[in-house]
1. Which one is farthest from the chain's Cα centre (by Cα), of the residues in segment 62-99 that are among the charged types (D, E, K, R) and open to solvent by 30 Å² or more (accessible area, probe 1.4 Å)?
2. Restrict the check to segment 100-117 and report whether at least one residue is among the β-branched types (Val, Ile, Thr), over 24 Å from Lys66 (Cα atoms), more than 14 Å from the chain's Cα centre (by Cα) and part of a loop (DSSP other than H, G, I, E, B).
3. Can you tell me which residues in segment 76-114 are out of contact with any strand residue (DSSP E or B) (no Cβ under 9 Å at 6 or more places or on another chain), over 24 Å from Gly28 (Cβ atoms) and among the small types (Gly, Ala, Ser)?
4. Take segment 125-149 and flag every residue that is within 14 Å of Glu93 (Cβ to Cβ) and touching a strand residue (DSSP E or B) at 6+ places or on another chain (Cβ under 6 Å).
5. Please state which one of His87, His58 is closer than 26 Å to Val102 by Cα and out of contact with any Leu (no Cβ under 8 Å at 6 or more places or on another chain).
6. Give the residue that is most open to solvent (accessible area, probe 1.4 Å), with candidates limited to residues of segment 131-169 that are assigned to a helix (DSSP H, G or I) and without any contact (Cβ under 8 Å) to a residue 12 or more places away in the chain.
7. Being within 18 Å of the chain's Cα centre (by Cα) and at pLDDT 95 or above is the requirement here; does Lys48 meet it?
8. Does Lys100 qualify as being touching a residue at least 40 places away in the same chain (Cβ under 8 Å) and under 25 Å from Ile144 (Cα atoms)?
Amino acid sequence: MNEKKKLIEWSIMRYEKWHLYVAKTEKGICYVGSPGQTYGELEAWIKKRFLSADLVEHDDALKPYKEELNAYFNGTSRTFSLPVDVHGTSFQEQIWEALKQVPYGKTYSYSDIAALIGKPSAFRAVGTAIGANPVLITIPCHRIVGKNGAITGYRGGLELKQYLLDLEANQEGGSHS
């Protein structure tokens, strides 16, 4: 059987000192990378998850997604409305859906997310699933902190995580909860 190759379009989203690779399938955004990431890292990630894919640079195709990200960074939008196309284990997908329930400007702990999905003892597995989130910012894994409020690991780097938390706290006019 001849499997049709999937087209993955990508572009670079620039904001202040950062550049982030973003990629999409025909169904929606499938990847938002980390600051300082190389094209080779994007390519390796795509090849690992999409066995038969052509990776093509296409700025216009990613323009709406980059505009949504810029609106978020500029504080003019707190939500993302464009479609997301993420695939993981059923547990990962459950966690990624739970992350979308964390309100803008708020933080939850790993154990809060574990409790939210009805598995309160699974906080370590929750952390692993959060770390596998392929769509940084859009699926707000940056809002998850240690139980004591400590800023913990983040695929995008702790500097970006702190920046995003500060951005949201300042837009809210308050502090993290």
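1. Here the residue is Lys63.
2. yes
3. The answer is Gly105, Ser111, Ala114.
4. Ile130, Pro134, Val135
5. The conditions single out His87.
6. That would be Leu158.
7. no
8. Yes; evaluated as a whole, the condition is true for this residue.
The values are calculated or read from the model by the stated rules, or taken from the named source; none is laboratory data. This one's a predicted model, so the numbers in the text were calculated from it and none came from an experiment. Positions of Cβ are backbone-derived with ideal geometry, glycine not excepted, and every protein chain shown enters the neighbour counts. Accessible surface areas use protein heavy atoms only, side chains included; no ligands, DNA or RNA. Shrake-Rupley method; radii C 1.70, N 1.55, O 1.52, S 1.80 Å.
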